[in-house]
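The structure appears below as structure tokens.
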Protein chains: 2
Amino acid sequence: MGRVTLQTIADHVGVSRMTVSNAFSRPNQLSAQLRDRILAVADELGYVGPDPTGRALASGTAGSVGLVMSDTLRYALTDEFAVAFLAAIAEELTPTGLALTLLTTAEKDGFIPARDVALDGALLYSCELKSPALDWLTRRRLPLVFVDQAPASGIASVNVADRAGAAAAARHILELGHRKIAIVTCGVAGDYGVFADPPGRNVAHTERERLLGWLEPMKEARVTPAVARLGHEDPYEMGLEAAATLLAQTPRPTAILCFSDAIARGVLAGIEQAGLSVPKDVSIVGFDDSPLAARSRPALTTVHQDVNAKGRAAASALLAAIERAKTGNGGRVRHLVLPTELIVRASTAAPRDH
Amino acid sequence: MGRVTLQTIADHVGVSRMTVSNAFSRPNQLSAQLRDRILAVADELGYVGPDPTGRALASGTAGSVGLVMSDTLRYALTDEFAVAFLAAIAEELTPTGLALTLLTTAEKDGFIPARDVALDGALLYSCELKSPALDWLTRRRLPLVFVDQAPASGIASVNVADRAGAAAAARHILELGHRKIAIVTCGVAGDYGVFADPPGRNVAHTERERLLGWLEPMKEARVTPAVARLGHEDPYEMGLEAAATLLAQTPRPTAILCFSDAIARGVLAGIEQAGLSVPKDVSIVGFDDSPLAARSRPALTTVHQDVNAKGRAAASALLAAIERAKTGNGGRVRHLVLPTELIVRASTAAPRDH
DNA sequence: CATCGTTACTGTATCGGTAAAGAACCTCAA
DNA sequence: TTGAGGTTCTTTACCGATACAGTAACGATG
């Protein structure tokens with residue numbers, strides 16, 4: 001026996017296939033009795049419901065939106081902060097009945113998820129500009145939302161005030177009297193190592209913005225920071241190492257500004273391993289205000305961003321973009337920037353010699 | 001201008017639509033020159049690649065597998081342990097080019113993701129038996145894998161030795177000399193509260209197994225535990241409250257066995273809030289050996305399970321199930337049970353009066 | 001009684017592709 | 001010269017549904 005389709009049911013009931021389709025998808029197009037009869041027969045035949053693939057082709061909707069996270073899903077999922085973002089998206093999406101498809105950059109036998117999986121739209125979180133996934137999704141002309149990426153015209157974006165937050169962090173450190181300052185930043189591409197000059201081009205949007213934010217007040221104060229640039233893999237380990245390297249420099253930095261709380265925790269551990277104390281010997285500032293920050297000892301001074309709001313904003317921007325693509329209205333393309341706020345906790349203090 | 005399809009390109013190049021399809025999907029079916037010409041024209045016309053929906057309908061593959069987590073994605077994603085599981089799945093899936101679609105139980109306007117999203121298969125992690133998502137996926141006859149659920153015949157499953165692990169935990173506590181023992185368990189359905197008798201029916205597989213494991217050595221030792229049963233929402237808060245309730249009982253328990261490390265942490269905090277100390281006054285055992293366990297102070301004695309192995313096993317079982325459904329072979333249906341191991345850390349000790 | 005609006009259902013065209021078999025042509029050994 | 005076998009492209013036949021226009025029946029309206 002072949003597969004049960006709308007036609008099978010239609011034949012059994014003695015109506016047209018379209019009426020069966022309506023029984024499932026547009027209940028008000030037929031009488032209640034007939035609908036019940038159709039559903040009963042469908043049930044009897046073991047029919048589950050309109051086949052998603054057929055429906056998707058005919059109706060033009062897939063019922064799922066894509067999410068590309070940092071190109072490497074594996075590491076994104078070890079990051080508490082990224083997971084919180086994911087959770088916020090999931091929560092915002094749930095009541096819409098849309099599923100969330102996690103896309104990876106990997107491909108197999110010419111099958112590229114970002115190109116070949118049916119989607120109604122996609123969220124791009126913190127991807128490299130030259131990411132192949134981003135490229136495919138763009139070429140598909142899917143409704144998109146960029147999160148933590150350089151805004152592009154015509155594509156909705158959600159960012160946080162990275163620059164302002166970083167500037168606040170730097171100002172805080174300067175006001176405490178620090179002059180020997182180090183920065184630990186991080187990115188997925190470009191050069192790694194310790195630089196006298198901060199990296200210029202070729203860094204992702206978020207990193208660039210934070211760098212600009214940190215550097216501005218320092219420039220005003222005529223302070224030149226040492227910059228260590230790390231990869232993305234294991235923030236704790238890399239922070240630990242970076243701390244060792246930075247602390248070996250002369251003059252030794254008395255304050256370290258970090259790209260994230262996860263890195264800051266590694267740096268903190270590295271400082272303690274070097275026999276120094278935070279904040280007495282070295283002050284640390286993190287970024288993001290992830291749960292880590294409040295939990296660590298000493299509690300991290302950090303730049304807070306509302307990851308929950310970011311996730312929800314991203315999801316609803318995507319819903320608007322999908323609506324716009326479908327009906328032509330749904331508001332105009334928005335470039336949202338959520339605020340950041342410096343949270344002073346216990347990891348920063350005036351330098352010793354002050 | 002309408003949309004660019006295979007036909008558009010075929011007309012431009014002057015070949016049949018099928019040849020264009022082959023140019024994209026089966027390169028060895030045509031000459032390299034013609035293929036290049038076709039791809040060039042396709043590129044020129046802004047054609048991205050075969051439309052995923054059309055391809056899905058014709059070929060019968062969607063390119064994505066579903067994952068249902070605990071019915072409430074929101075809470076699953078706040079659970080470090082569940083996220084680690086997700087990460088392991090994602091990692092195992094990545095090289096296969098399959099995307100991972102997160103399914104929720106919610107529906108909207110009669111659209112039910114588990115029924116209406118195109119998938120090649122699905123993983124069900126720790127769902128209630130009567131979960132509507134599980135029900136739909138089963139009825140669709142999709143290749144499935146059950147994880148942390150009662151094995152069903154014909155459906156691959158991955159579990160851990162919950163019962164043995166729990167028994168080891170209970171035995172450890174008994175051997176230390178404890179006789180006044182409490183259990184803090186947790187489930188998404190059924191009755192909540194403190195019971196003299198442990199809940200019987202109507203609890204999910206994992207909970208049941210762990211209960212059976214804890215109770216068996218206790219029965220042998222003629223010890224009757226107090227059982228507190230919590231919901232799923234906020235393990236820390238609920239553990240905190242449960243601790244308060246249990247400590248108020250007479251005789252006061254000297255050891256508490258917890259369903260998870262997340263709950264154990266709440267219980268630990270509750271014990272300390274009550275002015276008691278762990279493990280001097282009260283011993284605690286967790287479950288899972290999530291990162292939390294080693295991190296907490298005192299470090300938690302817990303039952304270790306290899307969440308990474310679980311995730312990978314689940315993913316590859318699903319791949320096998322998909323293969324089986326497609327080609328008829330791919331091995332037989334397996335019911336895997338991964339080992340657990342008691343990890344004794346600092347949260348357990350002999351009771352005071354011992 | 002002719003006209004009109006509803007309700008309830010049907011017919012036709014299409015969505016964008018793939019599978020499988022067939023045809024045309026070319027190569028090369030016997 | 002022939003014919004087996006390979007390469008390359010085409011033909012035919014779907015995959016399972018939805019959109020949209022159309023029609024029949026029926027009661028209401030003037």
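The values are calculated or read from the model by the stated rules, or taken from the named source; none is laboratory data. Quantities reported herein were computed from a predicted structural model and do not represent experimental measurements. All Cβ positions, glycine included, derive from the backbone under ideal geometry; neighbour counts span all protein chains shown.
Which condition does A:Pro27 not pass, out of (1) within 8 Å of DNA strand C (Cβ to nearest atom); (2) modelled with pLDDT under 90, if it passes all the others? Only one criterion is unmet by A:Pro27, namely (1). Which residues, taken from region A:255-281, are outside any loop (DSSP other than H, G, I, E, B) and among the small types (Gly, Ala, Ser)? Scanning region A:255-281 gives A:Ala255, A:Ala262, A:Ala264, A:Gly266, A:Ala269, A:Gly270. Being within 7 Å of chain A (Cβ to nearest Cβ) and either assigned to a loop (DSSP other than H, G, I, E, B) or over 31 Å from the mean Cα position of the chain (by Cα) (or both) is the filter here; which residues of region B:40-57 pass it? Correct list: B:Val48, B:Gly49, B:Gly54.
Considering only residues in region A:49-99 that are within 16 Å of DNA strand C (Cβ to nearest atom) and of a type in the set (S, T, N, Q), the one that is farthest from B:Ala88 (Cα to Cα) turns out to be A:Ser59. Considering only region A:1-16, I want to know if a residue exists there that is out of contact with any Asp or Glu (no Cβ under 7 Å at 6 or more places or on another chain), more than 8 Å from DNA strand D (Cβ to nearest atom) and within 14 Å of chain B (Cβ to nearest Cβ). Looking through region A:1-16, at least one residue is out of contact with any Asp or Glu (no Cβ under 7 Å at 6 or more places or on another chain), more than 8 Å from DNA strand D (Cβ to nearest atom) and within 14 Å of chain B (Cβ to nearest Cβ).
The rows are residues; the columns are (1) surrounded by 18 or more Cβ atoms within 10 Å (Cβ to Cβ); (2) assigned to a helix (DSSP H, G or I).
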residue	(1), (2)
B:Lys310	yes, yes
B:Ala314	yes, yes
B:Asn329	no, no
B:Val333	no, no
B:Thr348	yes, no
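The listed residues are A:Ala88, A:Ala114, and the only one of them that is over 18 Å from A:Asn308 (Cα atoms), of a type outside the set (Val, Ile, Thr) and in contact (Cβ under 8 Å) with a residue 40 or more places away in the chain turns out to be A:Ala114.
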